[in-house]
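Participant: Attaching a single structure in structure tokens format; questions to follow.
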Amino acid sequence: MSFPSKRLLWLDLFRGLAVLGMVWTHSANTFLDARLQHTGWYHELTYYHGLIAPAFFWIAGFVRAHVTAVAPKPALPALKRLLMVLLIGYLMYVPWLDLFHAQGWPAACTVNVLHCLAISGMLMLVAERFGRWRQGVAAVMMVFFVGLQKSAESWHTGVLFIDQYFNRNQGSLFALFPWVGFGLAGFLTRGIWNGTADRHAVLVAATGTVLAFVQPYSPWPGGQPEFFLERLGWVMMAAVLVACVADRLNQGTGWLRLAGRESLLLYVVHLLLIHAVPLPRQSLQFLIGTTQPLWGVFGIFVGLFVVSLALGWGNEWRKMRSKRS
């Protein structure tokens with residue numbers, strides 16, 4: 001199998017679609033009328049909202065495996081970037097005004113998606129050190145983090161900073177179990193498929209279909225990983241679909257690809273606009289609350305995305321200008 005090292009442009013589109021879904025999901029969860037959030041249709045919609053984060057993890061794993069497919073790369077530059085992502089994750093949840101109160105420290109230790117993405121990336125760096133055995137090491141790690149999810153729900157060391165990573169029982173929004181498994185799955189997928197529309201794409205799509213629609217028997221005692229396997233299946237099918245149609249969608253999708261390239265910035269900006277920026281004396285979250293009809297939420301979603309995308313464009317323009325100078 002060939003392992004091209006060029007940038008996979010379809011992944012920018014795939015990540016951009018995930019960013020679009022992320023901003024919509026956060027807008028709906030924050031601003032949709034509370035009565036509508038308890039309806040059956042919204043409950044069904046939340047299942048698809050739940051595919052956004054797995055897509056980000058899977059993409060991160062696929063990208064890391066892709067850029068190191070031809071030859072290994074130094075781990076230190078990637079580690080620095082991952083540590084920066086981890087730091088941003090912590091800074092976003094520090095309650096600065098309550099930091100020195102008892103309730104402040106649990107919030108400051110909260111684990112969110114950025115923490116788990118960073119740790120997932122670090123695990124891939126570890127797997128890479130094993131050379132030709134890296135796929136096997138990544139597979140073992142994935143089984144570990146998926147298979148022990150149920151057990152990890154009761155793990156407790158007494159150190160809040162550590163325990164937050166095990167489960168969500170203490171307020172974390174994400175946990176290592178099973179979330180890093182999605183990143184490792186993306187890493188493993190790149191070992192059998194290079195992102196082109198070929199017979200390997202058919203294999204990945206077929207595997208995704210089986211995972212998404214066939215309830216598998218769990219080989220791990222103490223818990224069934226249907227949550228992980230079903231969502232992984234949907235993500236794999238979506239990845240193949242986007243890879244196959246991306247070249248035909250060059251026209252009119254530049255803004256989505258830009259959102260994909262600047263996904264971290266858009267993630268941070270739209271959450272700050274919702275939860276942190278005072279408008280006029282309190283954040284948008286409390287100024288509006290869960291009061292909006294569907295059309296109102298859509299309007300807020302468009303506004304948040306446009307502002308975030310504009311800042312993403314500015315950041316990309318700044319980087320291009322810096323390279324030229």
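The values are calculated or read from the model by the stated rules, or taken from the named source; none is laboratory data. Please read these numbers as outputs of a predicted model, since none were measured by experiment. Quick reminder, even Gly has a Cβ in these numbers, built from the backbone with ideal geometry, and neighbours come from all protein chains shown.
Participant: Here's a check for you: in region 117-151, which residue that is under 19 Å from Leu82 (Cβ atoms) and either in contact with a Ser or Thr (Cβ under 9 Å, 6 or more places away or on another chain) or aromatic (Phe, Trp, Tyr) (or both) is surrounded by the fewest Cβ atoms within 10 Å (Cβ to Cβ)?
Facilitator: This residue is Phe130.
Participant: Quick one: how many residues across region 9-52 are over 18 Å from the mean Cα position of the chain (by Cα) and either surrounded by fewer than 12 Cβ atoms within 10 Å (Cβ to Cβ) or not in a helix (DSSP H, G or I) (or both)?
Facilitator: The number of residues fulfilling the criteria is 10.
Participant: Based on this model, can you work out whether Gly222 counts as touching a helix residue (DSSP H, G or I) at 6+ places or on another chain (Cβ under 6 Å), at pLDDT below 95 and surrounded by fewer than 21 Cβ atoms within 10 Å (Cβ to Cβ)?
Facilitator: The answer is yes for Gly222.
Participant: May I pose another question? Out of curiosity, is Leu266 within 15 Å of Asn29 (Cβ to Cβ), in contact with a Leu (Cβ under 9 Å, 6 or more places away or on another chain) and part of a helix (DSSP H, G or I)?
Facilitator: no
Participant: Quick one: count up the residues across region 291-325 that are of a type in the set (S, T, N, Q) and either assigned to a helix (DSSP H, G or I) or at pLDDT below 95 (or both).
Facilitator: Residues that pass the stated criteria total 4.
Participant: Please specify each residue of region 179-194 satisfying the condition of being modelled with pLDDT under 95 and buried (at least 24 other Cβ atoms within 10 Å of the Cβ).
Facilitator: Result: no residue meets the conditions.
Participant: Can you find a residue that is among the β-branched types (Val, Ile, Thr) and in contact (Cβ under 8 Å) with a residue 12 or more places away in the chain anywhere in region 37-50?
Facilitator: Taking every residue of region 37-50 in turn, none turns out to be among the β-branched types (Val, Ile, Thr) and in contact (Cβ under 8 Å) with a residue 12 or more places away in the chain.
Participant: Right, something else. Among the residues of region 171-186, which ones are over 11 Å from the mean Cα position of the chain (by Cα) and on the phi < 0 side of the Ramachandran plot?
Facilitator: The answer is Ser172, Leu173, Ala175, Leu176, Phe177, Pro178, Gly181, Leu184, Ala185, Gly186.
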